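Here's the structure we're looking at; comments come further down.
FYI, it's all coordinate maths here, none of it is from the lab. Remember, predicted model here, so these are calculated numbers, not experimental data. Every residue, glycine among them, receives a Cβ derived from its backbone with ideal geometry; neighbour counts consider all protein chains shown.
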Amino acid sequence: MRGAAPAETGPGPFARPDGSFNELDGWTWIGCYGGYYLQSDALARQGFEHGFFTRLWSGRDPEELSGYISVSTSVHRPQQIHSGLVLEADQACGAPWPEADGLVSNRGGQSLWVCGADCTPVLIADPLTGHTAACHAGWRGVAAHILPSAVEQLEARGARRKDLVVALGPAVSGARYQVGDDVVTAIAASFGSISDGRTALVEAGAVQVDPEPDRYRFDLRLATVLQLEDSGVNPANISSCPLCTASEPELFHSWRRDQVKAVQWNGIVSQAEESGTTLRS
């Protein structure tokens, strides 16, 4: 763990003697006076300011949270509708927030935000141009090609797909996510270059047998990784956080676990020098 100690809030998950929260391979808890948030080491190494926040930050919106990951940024977020729609950040500058589930930066200094309670928050960065994307990747969004759309828009800004760095934040695990055949079928049909999407999902371990008839245990993060790879992203550049929102009630809100509408926020700051396809030095 690095950073200053958080404000005293009493015993919590970070005081556990097993220390498991401090030993996530490829991930680091960042401490500040407001609390702890999670960072992807891969994004941090490339100089991208970002954070995956927990339920301990409830009541604080992106306008406040942005100050913990950067300074003097504009705040952009969509009104999420479980879609595949990805907008330019400048289209989401204030209330009423536009309906979408993903944002792509179009200039530097923009902080892009998405929220969730079990769906996968996906932060994408291009080390070449400094542009970023943030996506709320629920099963409907993945089926509607939200990630290929974000990748295409970054490519239009000068990115090379193989160089993109992607971090998948805490989300519901396959063991805790029961779905029907309609979900598996919809996502299996979403791949562009994979002819047999269902077989690919099974072989990747995303689809597991469930005791109930016609039901499956589905690992949405594995399916998301498969879609990113299908979109040309280098598997070595994809980091997936192992924490399960449904299994960590002290850390995360979970719709599957609690049936309560409450979310945690996730954001990333664009490092592009100006609008367009500016290249970083």
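Using the Cα centre as the reference, give the magnitude of the dipole from point charges on the C-beta atoms of the chain (Lys, Arg: +1; Asp, Glu: -1; all else neutral), rounded to the nearest 20 debye.
240
About the centre of its Cα atoms, region 67-152 shows a dipole size close to 120 debye [charges on the beta carbon of Lys, Arg (+1) and Asp, Glu (-1) only; nearest 20 debye].
If you average the C-alpha positions of region 161-183 and of region 25-87 separately, how far apart do those two centres end up, in angstrom? Taking the Cα centre of each part, region 161-183 and region 25-87 sit 18 Å apart. Label sites at residue 88 and residue 155, each approximated as a point 7 angstrom past Cα along Cα to Cβ, lie 2.0 nm apart. Equivalent ellipsoid of region 16-117: semi-axes from √(5λ) of the C-alpha gyration tensor, largest first, are 26, 15, 14 Å.
Positive contributions from Lys and Arg (+1) and negative ones from Asp and Glu (-1), summed over other residues with Cβ under 12 Å from the Cβ of residue 166, come out at 0.
Averaging the Cα positions of each part gives two centres, and for region 96-139 and region 226-245 these lie 15 Å apart.
Please sort 172-182, 255-265 by packing, taking for each peptide the average over its residues of neighbouring beta carbons within 10 angstrom, highest first.
172-182, 255-265
When Rg and Dmax are taken over the Cα atoms of region 84-224, they come to 15.8, 50 Å. Counting Lys +1, Arg +1, Asp -1, Glu -1, what net charge surrounds residue 116 among other residues with beta carbon under 15 Å of its beta carbon? Neighbour charge sum, excluding residue 116 itself: +3. Taking a span of 18 Å or more along the helix axis (Cα atoms) and a mean Kyte-Doolittle hydropathy of at least -1.0 as the rule, no DSSP H helix of the chain qualifies.
Quickly rank 49-55, 82-88 as a protection proxy: mean count of other C-beta atoms within 10 Å, highest first. Display every interim value, and only then the final one.
On the way: 49-55: 24.1, 82-88: 18.6.
Highest to lowest by the protection proxy: 49-55, 82-88.
What number in nm² do you get for region 156-219 if you take the convex hull of its Cα atoms and divide its surface by four? Here the figure is 5.8 nm², rounded to one decimal.
In debye to the nearest 20, how big a dipole does region 180-267 give about its Cα centre with +1 on each Lys and Arg Cβ and -1 on each Asp and Glu Cβ?
The calculation lands at about 240 debye.
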